[in-house]
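The values are calculated or read from the model by the stated rules, or taken from the named source; none is laboratory data. Owing to the predicted nature of the structure, the values given are computational and were not obtained by experimental measurement. Here the Cβ is made from the backbone with ideal geometry for all residues, glycine too, and neighbour counts use every protein chain on show. All accessible areas refer to the heavy atoms of the entire protein, side chains included, with ligands and DNA or RNA removed. Shrake-Rupley method; radii C 1.70, N 1.55, O 1.52, S 1.80 Å.
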Amino acid sequence: MAKAMASLKVKRGKGKKAERKKIVLKGFFASIHVPSEEPLALTIDCSTLPGGAYLQLINDLQDTLVKLDRLYAKREPTERRSLRAKYTKLVYGRRRMLKFFPYPSYFVNAVRYLRSRAYELLNRHAFPILLMEQGYYREKIYILPEDNAETFLKEIDALNEKLEEIKQELMAVDLGEIEDLLRSYGIDVQELNNRDVGSMLGSIEVDLTPIRFEEAIEEWAGRSKKVQQLLEEKKRELVQKVLETVKRRLEPIVKAMEGERKLKRLEERLKELQKEVKSLGLEAVAEAVIAPLIRVVKDPSKADEVFRDLKPSEFVSGRIASLLESV
């Protein structure tokens, strides 16, 4: 595995010579593509219907969809489904479009849940790094520790298995009543029961790209100093953002430490984060920041010795700031 490295100094204590350490950033740039429920929606053109007939169609559709929901729901539906209407401007007049999901809400919501669950897994196993934020626009990348990769992929596989089950159940739903209703209003639609749900939804896909800063920097050192310098700068920026993310993950833990609550649970959380940090190649962070916190939660009498006159949050902020300055 190629490694991105940045030098820093970690002080071991008074009277001891500062020891030079290496921050070695390892792991993968991770991204996922997750199917949306939107391809399941059906959009119909109701422009030829008179106003009264259009409103009656909406009412009849809602009744039919409620019956479908009740047939497949795990619990009684609490309300009728809303149908989304939109108007498309034409040169001479307007086109009235109606959009809705012809499938039971249970399955549509199940696809939504799998989508949110997939991103939840990505955020739990990987370190989200915010690259840019402008208004509502946010650009993120995710760095997945090496030790988390196999578990992450297995959990995504489990979601894909569930997605396949949903596809099979969707294809078994009889949508003939909806087809008949639309045709009774003069609206011709494709045979809904023959829709290729499998292709429409696809599957959850994962992309993993190994981090190869050091290898690239070494390659370009003899070819172009400008490219080498740019790569080194980007490497340094990324390491700094990873350290900032580690600090944010520590904040709720040290806040709880200051209240001296659930120390055993805090120890478990710290050890889990320490393992992830080491897997990213940030051994210096694991030793200089997280290990002292574990020492204190295991034996609170060591707090004065470790923190001196600082609060745990101040201790962490100081250590992380020192590492950031050294990158």
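Is it the case that Tyr103 is of a type in the set (Phe, Trp, Tyr) and surrounded by fewer than 18 Cβ atoms within 10 Å (Cβ to Cβ)? It is false that Tyr103 is of a type in the set (Phe, Trp, Tyr) and surrounded by fewer than 18 Cβ atoms within 10 Å (Cβ to Cβ).
Search the stretch 256-311 for residues being of a type in the set (Gly, Ala, Ser) and more than 23 Å from His125 (Cβ to Cβ), and hand back the single one that is modelled with the lowest pLDDT.
The qualifying residue modelled with the lowest pLDDT is Gly259.
For the stretch 313-327, the criterion of being in contact with a strand residue (DSSP E or B) (Cβ under 6 Å, 6 or more places away or on another chain), touching a residue at least 12 places away in the same chain (Cβ under 8 Å), not hydroxyl-bearing (Ser, Thr, Tyr) and not in a helix (DSSP H, G or I) is met by at least one residue.
Residues that are assigned to a helix (DSSP H, G or I) and among the basic types (Lys, Arg) were ranked within the stretch 286-312; the one that is farthest from the chain's Cα centre (by Cα) is Lys302.
Of all residues in the stretch 169-193, those that are in contact (Cβ under 8 Å) with a residue 40 or more places away in the chain have Cβ atoms under 7 Å from Cβ atoms of residues that are of a type in the set (S, T, N, Q) and in a helix (DSSP H, G or I), 6 or more apart or on another chain, in Leu175/Asn193; Glu177/Thr64; Ile178/Thr64; Leu181/Thr64.
Check whether at least one residue in the stretch 149-162 is of a type outside the set (S, T, N, Q) and touching a strand residue (DSSP E or B) at 6+ places or on another chain (Cβ under 6 Å), and report yes or no. The answer is yes, given that some residue of the stretch 149-162 is of a type outside the set (S, T, N, Q) and touching a strand residue (DSSP E or B) at 6+ places or on another chain (Cβ under 6 Å). Restricting attention to the stretch 204-227, does a residue exist that is at pLDDT below 85 and touching a Lys or Arg at 6+ places or on another chain (Cβ under 8 Å)? Among the residues of the stretch 204-227, at least one is at pLDDT below 85 and touching a Lys or Arg at 6+ places or on another chain (Cβ under 8 Å), which makes the answer yes.
Scanning the stretch 57-66 for residues that are in contact (Cβ under 8 Å) with a residue 40 or more places away in the chain and open to solvent by 30 Å² or more (accessible area, probe 1.4 Å) turns up Ile58, Asp60. Looking at Ile178, Ile253, just one residue is buried (at least 16 other Cβ atoms within 10 Å of the Cβ), over 28 Å from Glu120 (Cβ atoms) and among the aliphatic types (A, V, I, L, M), and that residue is Ile178. Kindly indicate whether Arg117 is within 20 Å of the chain's Cα centre (by Cα), basic (Lys, Arg) and modelled with pLDDT under 90. It is false that Arg117 is within 20 Å of the chain's Cα centre (by Cα), basic (Lys, Arg) and modelled with pLDDT under 90. Scanning the stretch 274-296 for residues that are of a type outside the set (Asp, Glu), open to solvent by 10 Å² or more (accessible area, probe 1.4 Å) and within 26 Å of Pro210 (Cα to Cα) yields Gln274, Lys275, Lys278.
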